[in-house]
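S.K.: Here it is, the structure in full.
The values are calculated or read from the model by the stated rules, or taken from the named source; none is laboratory data. Treat the numbers as computed from the prediction; the structure is a model and nothing was measured. Using ideal geometry, Cβ is built from the backbone for each residue, glycine included, and neighbour counts are taken over all protein chains shown.
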Amino acid sequence: MIRSFGSVVFLAAALLVSGVANAQSWQEGKHYRTLDNPVRTASDSGVEVAEVFWYGCPHCYNFKPLAEAWEEKAPEYVNYVRLPAALGQSWEPHAYAFYALEAMGELDKVHDALFNALAGERRPLNSAEALADFVADYGVDAQEFVDTYNSFGVRARVQQAQSKIRGARITGTPTMLVNGKYVVSASMAGSHENVLQVVEYLAEQERAGAE
C-alpha cells in the first residue's frame, strides 16, 4: 500500500511539474502576440476571452467543439464572448445574422445550423433574405429576422465588433483575443488544442495580475 501511494504521489508531482513547465514554455511573440494598444473589453470585471470566428470558416468549424468544451469548464472569472468577423464583404451578412439572432434571443436555435450550412455544406446564404428563409426552418420569424438584421442596433454591433477586430490587427479566423491584450491563433500556438492552453495560461495571468 505504501508503495502504491508513493507511486500516486510521484505521478501527481510529475504532472504538476509538467503543467508548470508547459505554462512557462508559452512565449510572447512566438505562441501569442501582445497588442501595443489594447482594445476595450465588454466588461471591466473578470477576464474577457473573445472567440473571433466566421460561420463559413472550416477551421472555425473544427475549432468550435473544442472551444465550447473549454468554455463550459472555464473559471467563473472568464467572460466568454464571440465576435463574428467580417474580414471580407462576403462575410458581412453572417456577422449581421449573428447579431440579429442574438438580439432576437434566437441564436441558440440556429448557431450550430449556420456553421453546418456555411462551413460544412458551403450553402450560398449571402443575403438577409436567403438567411431569413434558412432560419425560418428553425422556428425563427423570417420577417422579424430581416427587420432586426437591417436595424440600426445590429449595424452598430457589427461595426463595434469589426472595430475591435481591426484594433487587434486580427486578419484570420479562428483567433482568440484575451482581455483585449493578447492574440492567439493556431498558426502561432501550433494547434487548436494549444490555442486553448495558451488562452487558459493568459487568462490566469490576467486574473492574478488583477488581484
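S.K.: P75 - would you say it is of a type outside the set (G, A, S) and at pLDDT 95 or above? I'd like the intermediate steps shown before the answer.
M.R.: Values: of a type outside the set (G, A, S): yes; at pLDDT 95 or above: no.
For P75, the condition - of a type outside the set (G, A, S) and at pLDDT 95 or above - is not met.
S.K.: Would you pick out the residues in segment 130-160 that are among the hydrophobic types (A, V, I, L, M, F, W, C) and farther than 21 Å from P58 by Cβ? I'd like the intermediate steps shown before the answer.
M.R.: Applying the first criterion (among the hydrophobic types (A, V, I, L, M, F, W, C)) to segment 130-160 yields 130-132, 134-136, 140, 142, 145-146, 152, 154, 156, 158.
Residues satisfying the conditions are A132, V135, A136, V140, A142, F145, V146, F152, V154, A156, V158.
S.K.: Please specify each residue of segment 37-55 satisfying the condition of being among the acidic types (D, E) and over 30 Å from S90 (Cβ atoms).
M.R.: Our first condition is that a residue be among the acidic types (D, E); within segment 37-55, this holds for 44, 48, 51.
Hit for segment 37-55 is D44, nothing else.
S.K.: Scanning segment 34-81 for residues that are closer than 15 Å to N194 by Cα, surrounded by fewer than 19 Cβ atoms within 10 Å (Cβ to Cβ) and in contact (Cβ under 8 Å) with a residue 60 or more places away in the chain, which turns out nearest to the chain's Cα centre (by Cα)?
M.R.: Among them, the one singled out is L66.
S.K.: A further question follows. Tally up the residues in segment 109-119 that are over 15 Å from P84 (Cβ atoms) and out of contact with any Phe, Trp or Tyr (no Cβ under 7 Å at 6 or more places or on another chain), please.
M.R.: Number satisfying all stated conditions: 1.
S.K.: Go through segment 63-84 and give me each residue that's over 22 Å from R207 (Cα atoms) and in a helix (DSSP H, G or I).
M.R.: If the condition is that a residue be over 22 Å from R207 (Cα atoms) and in a helix (DSSP H, G or I), then F63, K64, P65, L66 are the ones that fit.
S.K.: Continuing with the same structure: Of the residues in segment 127-157, how many are among the hydrophobic types (A, V, I, L, M, F, W, C), under 26 Å from L66 (Cβ atoms) and either surrounded by fewer than 19 Cβ atoms within 10 Å (Cβ to Cβ) or in contact with an Asp or Glu (Cβ under 8 Å, 6 or more places away or on another chain) (or both)?
M.R.: The qualifying residues number 1.
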